[in-house]
Amino acid sequence: MALSESDRVYDELLVTLVRSGDARAAERLAARWQPRLMRAARRMLGDAEEAREAVQEAWGGICRGWLRLSDPAMFPAWAYGILTRKCADRIRRLGSDRKRFVAAESVPEPTSPDAEPVRHAITEALGQLSAEHRIAAILYFSEGLTLAETAAATGVPVGTAKSRIFHARQHLKDLLEGDLT
């Protein structure tokens, strides 16, 4: 779900207005980004309740940090970065038990009945990735962040983000070859 150029410009305008004290712009930005952050958190964590808590914590950090964001155009990477850190903290706290990854809750978007087995297979495969690879893949493929934004959101160099995305893609391909043929 890549952000269109007009969405990016509108979000940048909203962030600029929020930084100048416009409460209505903050409400509008939150309304636009709450579903995106929830979707990403559910995919990262695989658990709806954990995702809700992570997003709540992330919004706290986002609201406290408006004025420190030097470039409003960087809002997507910055917001996902805060969310990613909150989700990574939860993943560490819960341990590396991948059985906690609840596939049924991780991607709740409506799909056609024919797409359900594919969606389920992809969700199961995402749950088998390491947390670093899963997060990078979700930000890049699902949330539409650029490679540079994915790197910024995950706090790693661009080369590391590129490597994580490459390895996630390869691992997903290997896992899904049998499921989707």
Task: The lone exception for Ser70 - which of (1) in a loop (DSSP other than H, G, I, E, B); (2) touching an Asp or Glu at 6+ places or on another chain (Cβ under 7 Å) it fails - done: (2)
- [ ] Tally the residues that are among the small types (Gly, Ala, Ser) and in contact (Cβ under 8 Å) with a residue 40 or more places away in the chain, restricting the search to the stretch 122-150.
- [x] 6
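Which one of these is among the β-branched types (Val, Ile, Thr), surrounded by fewer than 16 Cβ atoms within 10 Å (Cβ to Cβ), at pLDDT 90 or above and part of a helix (DSSP H, G or I): Thr160, Thr150? Reasoning before the result, please.
Numbers: Thr150 fails: surrounded by fewer than 16 Cβ atoms within 10 Å (Cβ to Cβ).
Going through Thr160, Thr150 in turn, just one is among the β-branched types (Val, Ile, Thr), surrounded by fewer than 16 Cβ atoms within 10 Å (Cβ to Cβ), at pLDDT 90 or above and part of a helix (DSSP H, G or I): Thr160.
Which is surrounded by 21 or more Cβ atoms within 10 Å (Cβ to Cβ) and either more than 16 Å from the chain's Cα centre (by Cα) or without any contact (Cβ under 8 Å) to a residue 40 or more places away in the chain (or both), of Ala41, Ala58, Ala25? So that I can check it myself, show each step before the final result.
Working: Ala41 fails: either more than 16 Å from the chain's Cα centre (by Cα) or without any contact (Cβ under 8 Å) to a residue 40 or more places away in the chain (or both); Ala25 fails: surrounded by 21 or more Cβ atoms within 10 Å (Cβ to Cβ).
None of the others qualify; the one that does is Ala58.
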Task: the stretch 1-20: number of residues that are surrounded by 14 or more Cβ atoms within 10 Å (Cβ to Cβ) and not in a helix (DSSP H, G or I) - done: 1
TODO: Look at the stretch 29-38 and say how many of its residues are buried (at least 17 other Cβ atoms within 10 Å of the Cβ) and over 15 Å from Gly81 (Cα atoms).
DONE: 1
TODO: Please specify each residue of the stretch 100-147 satisfying the condition of being modelled with pLDDT of 80 or more, on the phi < 0 side of the Ramachandran plot and in a loop (DSSP other than H, G, I, E, B).
DONE: Leu129, Ser130, Glu143, Leu145, Thr146
Task: Criterion violated by Cys63 - all others in (1) surrounded by 13 or more Cβ atoms within 10 Å (Cβ to Cβ); (2) hydrophobic (A, V, I, L, M, F, W, C); (3) farther than 20 Å from Glu143 by Cβ satisfied - done: (1)
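The values are calculated or read from the model by the stated rules, or taken from the named source; none is laboratory data. Remember, predicted model here, so these are calculated numbers, not experimental data. Heads up, the Cβs are rebuilt from the backbone with ideal geometry, glycines too, and the neighbour counts pull from every protein chain shown.
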